[in-house]
Amino acid sequence: MKQANHQEVENTSRRDFLKLGGVAAATVSVGAAAGAGFVLGRDPDANVGYGRTEAGKDMFFDREPFRVDVAPTLEVAGKIERPEWSDFLFHRVGAMGKEMKKGWKPTKDWREIPNERVREYYSRYPERWDDMLQSFVEKAKHDENIEDHRDRFALGWAYSAAYMRGLYSNFPPKPQGHPDEVDFQWVKRERQEFKSPKHASELIKKMAFKFGMSVVGITKLDPAFVFKNTMRGMPDWDDSIPKHWKNVIVFGTPMNWDPLYAAIGYSTSYDGYFRAKNAAGLLAAYLGELGYAGRPQWPGSDYEIIVPPLAIQAGMGESARNGILLTPELGPNIRLAAVITDLDLEPDKPIDTQVRHFCEECKICADSCPSGSISKADKPDAVVRGYRKFAFNQDSCWTMWRQGPTETAMGCRVCIAVCPYTRKNNWIHALVKETDPRDKTGLTRKALLAMQHNFFYYPDAEAYHGEWNGGRFAGYHQPPEWLRSENYLKVEQTWDYDGNWEGF
């Protein structure tokens, strides 16, 4: 008996030793190859989402082996409730902006907020009002100081402004009127009948790629993710959902990779927003010509639905620690849009690629968050409208959005840039995205994270803040050469860049 136990311990020790040796070998191998991988990553052809083949098939992940019936990052943990109008940050800040133009001045008492629906939100989250108040302070600091740094960020501002002007053009037109009419505005002829919902889905996905999108999925409309009392063009809308809203086509495209890595001052969300918005309009017009309804949903705030969980149900990816969609190809570097339609489509199933386990161990985005808004818990620690997830404070996140060194002070993107899944299409990324979801032991994940934590440079969270707040305008990477003012403009370089070459 003792001999058997001794043999069992010896075998276990040997297995553990071999596992540890495997982890060490994998870590050293991946680490040694990292330099070569990042050199390859500098090639523009490695920009995932801008495919060398027309539909980018050489870059994309086969989801079929990972299809499941229930998305693991949409775990039900309580009574499912629809989102309130005020749960959307941009609804709240837009409403408060209008009140401030009328003369209202925010005070420490949230009960003095004039807008009833905004006041309802802070009655549920009174502890967040201090964060929102701080955002007004940060915006004032930004406005007082930002012009002093224009020489440094001039090209970044111009890049952002170009896409912003396009984003606020009138295509697709903002809905005005009842959805039973507006959603059919491009229907001019009788419907074309599809051979089957499967054929319809195949064609619509191909068209989303033709219109410039990188990842696309289809799901049934889930009422759990439709805002209450929200309908663009209908200010007095109630809780009802139009009967013709059957399916949701969700799609997305990455933000330009090199500026993203150099967040905050050199990066913009508007490039991804612009492409996604245009695709939503094009797809809605395409559906209309075939006789079907199309209601586009596009960033930054033109929504009746919460898009990321519907993208999860459509199998595009899973929810990351920071609460946004993480796809196998693009990580969280994806800007989403959607079209709601009455066309009968074959829905996709969600996927399980072990993202939750990865995020439970990683925590890089939480450690890097300049506003401390992302939970560092070992397991999801909040229940939001009936779903279990990692806690996230959108109001404190907004305080950082309002002080970034951009002309408008809008955006941060640090949590997206530093995510290990936000990588270009080099062979290391391809190896990880194909291996980790299939490795039930977790050894690939551990090896990858050991490399990320030990071989890569991450500025301190405070360093991302502006100089007027004690930071140094840090970026995960240095900005690309075409965003460096001193390379093209008659300016004196009085600054250094925080962020090593390609993140090392």
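Values quoted throughout were computed directly from the atomic coordinates according to the rules given, and no laboratory measurement underlies them. All figures in this text were calculated on a predicted structure; none of them were measured in a lab. Cβ atoms come from the backbone with ideal geometry, glycine included; neighbour counts cover every protein chain shown.
Some notes on this structure:
- All positions within segment 310-366 that are of a type in the set (Ser, Thr, Tyr) and farther than 14 Å from residue 423 by Cβ: 319, 341, 353
- Boolean, residue 418 is β-branched (Val, Ile, Thr) and surrounded by 21 or more Cβ atoms within 10 Å (Cβ to Cβ): yes
- Residue 256 being touching a helix residue (DSSP H, G or I) at 6+ places or on another chain (Cβ under 6 Å), surrounded by fewer than 23 Cβ atoms within 10 Å (Cβ to Cβ) and closer than 30 Å to residue 435 by Cβ: yes
- Per the listing 251, 171, the residue uniquely of a type in the set (A, V, I, L, M, F, W, C) and part of a loop (DSSP other than H, G, I, E, B) is 171.
- Among the residues of segment 125-150, those that are out of contact with any helix residue (DSSP H, G or I) (no Cβ under 6 Å at 6 or more places or on another chain), closer than 20 Å to residue 494 by Cβ, in contact (Cβ under 8 Å) with a residue 60 or more places away in the chain and not β-branched (Val, Ile, Thr) comprise 142, 144, 149.
- Residue 462 closer than 18 Å to residue 259 by Cβ, among the charged types (D, E, K, R) and either in a helix (DSSP H, G or I) or in contact with a strand residue (DSSP E or B) (Cβ under 7 Å, 6 or more places away or on another chain) (or both): no
- Total residues in segment 222-264 satisfying the condition of being among the β-branched types (Val, Ile, Thr), closer than 27 Å to residue 181 by Cα and under 22 Å from the mean Cα position of the chain (by Cα): the figure is 4.
- Exclusive hit being of a type in the set (Ser, Thr, Tyr), more than 15 Å from residue 333 (Cα to Cα) and surrounded by fewer than 22 Cβ atoms within 10 Å (Cβ to Cβ), set 292, 286: 286
- Residues of segment 221-236 that are touching a helix residue (DSSP H, G or I) at 6+ places or on another chain (Cβ under 9 Å) and farther than 14 Å from residue 308 by Cα: 228, 229, 230, 231, 232, 233, 234.
- Those residues of segment 107-146 which are surrounded by fewer than 13 Cβ atoms within 10 Å (Cβ to Cβ), basic (Lys, Arg) and over 26 Å from the mean Cα position of the chain (by Cα), in sequence order: 108, 111
- Across segment 360-396, the number of residues qualifying as assigned to a helix (DSSP H, G or I) and touching a strand residue (DSSP E or B) at 6+ places or on another chain (Cβ under 8 Å) comes to 2.
- Flag if residue 365 is within 16 Å of residue 474 (Cα to Cα), crowded, with 22+ Cβ neighbours inside 10 Å, within 16 Å of the chain's Cα centre (by Cα) and free of Cβ contacts under 8 Å to residues at least 60 places away in the same chain: yes
- Every residue from segment 481-495 that is touching a Gly at 6+ places or on another chain (Cβ under 9 Å) and more than 21 Å from residue 260 (Cβ to Cβ): none
- Identity of the residue in segment 399-422, part of a loop (DSSP other than H, G, I, E, B), within 15 Å of residue 257 (Cβ to Cβ) and not basic (Lys, Arg), that ends up farthest from the chain's Cα centre (by Cα): 420
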